[in-house]
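Worksheet: one structure, shown below.
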Amino acid sequence: MKIALMDSGIGLLAATAAVRRLRPDADLILSLDPDGMPWGPRTPEDLTGRALDVAEAAAAHRPDALIVGCNTATVHALPALRARHEPGLPVVGTVPAIKPAAAGGGPLAIWATPATTGSAYQRGLIRDYADGVPVTEVPCHGLAEAVEHADEAAIDAAVAAAAALTPPEVTTVVLGCTHYELVGERIRAAVQRPGRPPLVLHGSAGAVAAQALRRVGAAPAPDATPDGTLTVLLSGREGALPAAALAYAEGRLLRTATPAR
């Protein structure tokens, strides 16, 4: 089995690690776009073009499924990606976990990039899945960029700033950008209030990995022989994981994979 994941940068690491844990025997193709990063400030049309190119590079390796490991790319490019590649190649998008978070009753906060916060897309998810639940949208200025570069001081500052915008009564935080899952425990520590119930975090990586396996008709097999290979594509060129990836447990997990030959 071969699973591809795509993003402009290392935000795809959380979903990649989730796939690796569920199927350590799966061959992985990571298709990044350092030449076009970051995608967030691009126009929807420009972003879609970049995403199609990155997906094409991954598809050349004939994967069984393709995960779009980026919330922004899912919003703008998923229809074009599916039109290009399905049904031959199932394409799985990443959506903020608002529905399962709201099922807990809230009050909840959605941490997302400034561009996503307040967007029609996010407001639509809130309307559809969190009607009647107290929701605070929290713009996380600079957090994705800080995580991308493993800039510890910038991560601390961005997390602290977003935590200050998060109401003290919040019991649940939705991590609305895939980068944020890489620093989930730092977010938990910043938001958790003394004397309050343990904070619940909702990311998308586990659900996305499970959905990819369902789309290819494969069952989880976490005890399978860990002989899956790893191929990294950097704007279409074969390369290595970015150095910043190794600052995170998810990146270090992938370092144990055998490079594809």
Of the numbered conditions (1) open to solvent by less than 20 Å² (accessible area, probe 1.4 Å); (2) at positive phi, Leu47 fails exactly one; give the number of that condition. (2)
Quick check on segment 16-30: of everything there that is of a type in the set (A, V, I, L, M), under 20 Å from Leu89 (Cβ atoms) and open to solvent by less than 10 Å² (accessible area, probe 1.4 Å), which residue is farthest from the chain's Cα centre (by Cα)? Ala26
Somewhere in segment 204-219, is a residue among the basic types (Lys, Arg) and either within 30 Å of Thr171 (Cβ to Cβ) or touching a residue at least 60 places away in the same chain (Cβ under 8 Å) (or both)? yes
When you scan segment 149-166, how many residues do you find that are farther than 19 Å from Ala109 by Cβ and acidic (Asp, Glu)? 2
Being of a type in the set (A, V, I, L, M), part of a helix (DSSP H, G or I) and surrounded by fewer than 20 Cβ atoms within 10 Å (Cβ to Cβ) is the filter here; which residues of segment 86-116 pass it? Ala103
Within segment 153-203, tally of residues that are out of contact with any helix residue (DSSP H, G or I) (no Cβ under 7 Å at 6 or more places or on another chain), closer than 15 Å to Ala247 by Cβ and in contact (Cβ under 8 Å) with a residue 12 or more places away in the chain: 2
Could you figure out which of (1) over 23 Å from Cys70 (Cβ atoms); (2) touching a strand residue (DSSP E or B) at 6+ places or on another chain (Cβ under 9 Å); (3) of a type in the set (S, T, N, Q) isn't true of Gln192? (2)
List every residue pair whose Cβ atoms lie under 8 Å apart, where the two residues are 6 or more positions apart in sequence or sit on different chains, the first residue falls within segment 44-56 and is in contact (Cβ under 8 Å) with a residue 24 or more places away in the chain and over 13 Å from Leu30 (Cα atoms), and the second residue, located anywhere, is surrounded by 15 or more Cβ atoms within 10 Å (Cβ to Cβ) and hydroxyl-bearing (Ser, Thr, Tyr). Leu47/Thr72; Arg50/Ser8; Asp53/Ser235
Can you work out which of the residues in segment 61-85 that are of a type in the set (A, V, I, L, M, F, W, C) and open to solvent by 50 Å² or more (accessible area, probe 1.4 Å) is modelled with the lowest pLDDT? Val75
Pick from segment 246-257, criterion more than 19 Å from Pro34 (Cβ to Cβ) and open to solvent by less than 70 Å² (accessible area, probe 1.4 Å), ranking: modelled with the highest pLDDT: Ala249
When the residues of segment 222-245 are filtered to those that are surrounded by fewer than 15 Cβ atoms within 10 Å (Cβ to Cβ) and among the hydrophobic types (A, V, I, L, M, F, W, C), which remaining residue is farthest from Ala209 (Cα to Cα)? Ala243
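The values are calculated or read from the model by the stated rules, or taken from the named source; none is laboratory data. The shown structure was predicted, so the numbers you read here are calculated from the model rather than taken from an experiment. Heads up, the Cβs are rebuilt from the backbone with ideal geometry, glycines too, and the neighbour counts pull from every protein chain shown. For accessibility, only protein heavy atoms count, side chains too; no ligands or nucleic acids. Shrake-Rupley method; radii C 1.70, N 1.55, O 1.52, S 1.80 Å.
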